[in-house]
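This report concerns only the one structure given below.
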Amino acid sequence: MKKILCVVGTRPEAIKMAPVILELQKNPDFDVRILATAQHRHMLDQVLGFFNIDPHIDLNIMRPNQALTTLTARLLLELDDVLLEEKPDVILAQGDTTTVMTVALAAFYHRIPFGHVEAGLRTWDMQNPFPEEANRVIAGRLAKWHFAPTKGSKENLLREGVVDSDIVVTGNTVIDALLMTADKDIEIGIDLPADKKIVLVTSHRRENFGEPFNDICRALKHLALNNQNVHLLYPVHPNPNVHKVAHDVLSGIDNITLCDPLDYAPFVAAMKRSYFIISDSGGVQEEAPALGKPVLVLREETERPEAVQEGVVELVGASFAKIVASTQKLLDDTAVYSEMARGVSPYGDGLASRRISGVLKEYFDKKK
Ligand code: UD1
Ligand code: UDP
């Protein structure tokens, strides 16, 4: 049996690794071990519960309002012990969080081959998104396998000098997870007015903390107060830098519902129910186009240009005036709306996990 250690730390990693874990578990030659760093606690547990994934090891790392340096240092120390004990043949992790960057580094120190799921996303700007661009560059530099979601992400890796044979374009596993979930009959679990356009909102980027996030909230308030035919549903990220400002600015407005993060399946139901989405999330930029929902992205740049090029996602940044103008146009202009809501899936076909599992099978077969 070949031991594959799959590592998850935050909500999006769990969503995107779940299909990979479930696919690897189908192969009787693989001993699939699951390590939760629990960089997120409740939001991670929500997702793992939905996919019936029970980690073998849980580092329970999360602390309130954790700082990047201490989080990184604590993760590295804990990972060192786990890798000494587990001695996996291969380690897999997804994306660009601190968990992923530290796992790639720990794997390198222990000379264990590391497979990077969702490899090659780049803005080419280290400050945006912060710290994710650095995290994925570091993870990529240390990876043996690069599971790139799109041709564009493969090209980014080639530009950095990664050799062609180490890159496999798999599609993004987020679409595998979405297809496993979207047709289930799951309720949002929150009462929403049937006669209003629902605008779904999420926001959590560190580079927006402070004045930009304050502007975002003021723009959302303006949008709600000036469009009584609209209702905003905003599941607020628990990061205190987000939670406090969102509640300070947006509480007590009739056509805004602030709620705790939704479980994954109810969130998918909320995306399906929405008229459009305002978000700075990476995963939402990938999921919403596949559901035919326009996204206005609260960022200046994106490492996911494919949907922008398709014209179904628009970068609006974090300034009050631009958010208000773009949102109002999407509400008022049905031609613009229809073009953005036509439904495309540039990020995957639902078979990414199968391709990743196939690459590992081939690797171990060759070593026999
Ligand atoms: C992290 C990732 C980011 C990813 C995002 C997905 C890093 C540096 N950031 O950002 O790349 O896009 O997750 O959501 O890796 N908290 C809770 N409960 C939870 C989760 C978080 O209370 O279940 C609070 C805690 O106070 C925690 C804080 O949020 O300290 C920040 O969590 P952290 O993982 O450091 O950063 P995120 O902003 O969530
Ligand atoms: N999501 C969720 N509940 C919510 C908001 C988002 O389950 O209340 C899901 C969403 O479907 C997507 C993922 O979380 O798959 C995105 O996570 P997040 O925005 O936290 O991180 P990012 O993708 O920006 O790294």
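Computed quantities for the displayed model
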| quantity | calculated |
| --- | --- |
| Selection count, region 5-33, where residues are more than 20 Å from Val82 (Cβ to Cβ), basic (Lys, Arg) and not in a loop (DSSP other than H, G, I, E, B) | 2 |
| Qualifying residue in region 38-51 (condition: away from ligand 1 (no atom under 16 Å from the Cβ) and in a loop (DSSP other than H, G, I, E, B)) | yes |
| Residue satisfying condition, being more than 24 Å from Leu351 (Cα to Cα) and touching a Gly at 6+ places or on another chain (Cβ under 6 Å), within set Thr99, Thr123, Thr69 | Thr99 |
| Entirely in region 249-310, the strands (runs of 3 or more DSSP E) that have 1 or more residues that are within 16 Å of ligand 1 (Cβ to nearest atom) and over 17 Å from Arg205 (Cβ atoms) | 256-259 |
| Breaking point among (1) within 16 Å of ligand 2 (Cβ to nearest atom); (2) of a type in the set (D, E, K, R); (3) farther than 22 Å from Tyr363 by Cβ; (4) touching a Ser or Thr at 6+ places or on another chain (Cβ under 9 Å), for Glu118 | (3) |
| Every residue from region 158-205 that is within 16 Å of the chain's Cα centre (by Cα) and of a type in the set (S, T, N, Q) | Asn172, Thr173, Thr181, Thr202, Ser203 |
| Members of region 178-192 that are part of a loop (DSSP other than H, G, I, E, B) and either hydrophobic (A, V, I, L, M, F, W, C) or touching a residue at least 60 places away in the same chain (Cβ under 8 Å) (or both) | Ala182, Lys184, Ile186, Glu187, Ile188, Gly189, Ile190, Leu192 |
| Contacts under 9 angstrom Cβ, first residue in region 239-256 being charged (D, E, K, R), partner at pLDDT 95 or above and not in a helix (DSSP H, G or I), 6 or more apart | Asp254/Gln228; Asp254/His231 |
| Residue list for region 130-143, filter: surrounded by fewer than 18 Cβ atoms within 10 Å (Cβ to Cβ) and touching a residue at least 40 places away in the same chain (Cβ under 8 Å) | Phe130 |
| Residues being out of contact with any Ser or Thr (no Cβ under 8 Å at 6 or more places or on another chain) and under 20 Å from Ala67 (Cα atoms) - total across region 237-251 | 7 |
| Count - residues of region 257-314 that are surrounded by fewer than 21 Cβ atoms within 10 Å (Cβ to Cβ), of a type in the set (Val, Ile, Thr) and without any contact (Cβ under 8 Å) to a residue 60 or more places away in the chain | 1 |
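Quick grid of which residues meet (1) part of a helix (DSSP H, G or I); (2) within 16 Å of ligand 1 (Cβ to nearest atom); (3) surrounded by fewer than 24 Cβ atoms within 10 Å (Cβ to Cβ):
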| residue | (1), (2), (3) |
| --- | --- |
| Val82 | yes, no, yes |
| Ile91 | no, no, no |
| Asp96 | no, yes, no |
| Val103 | yes, yes, no |
| Ile112 | no, no, yes |
| Gly115 | no, no, no |
| Leu121 | no, yes, no |
| His146 | no, no, no |
| Glu155 | yes, no, yes |
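The values are calculated or read from the model by the stated rules, or taken from the named source; none is laboratory data. None of the values given here were measured: they were computed from a predicted structure. Backbone-built Cβ (ideal geometry, glycine too); neighbour counts: all protein chains shown.
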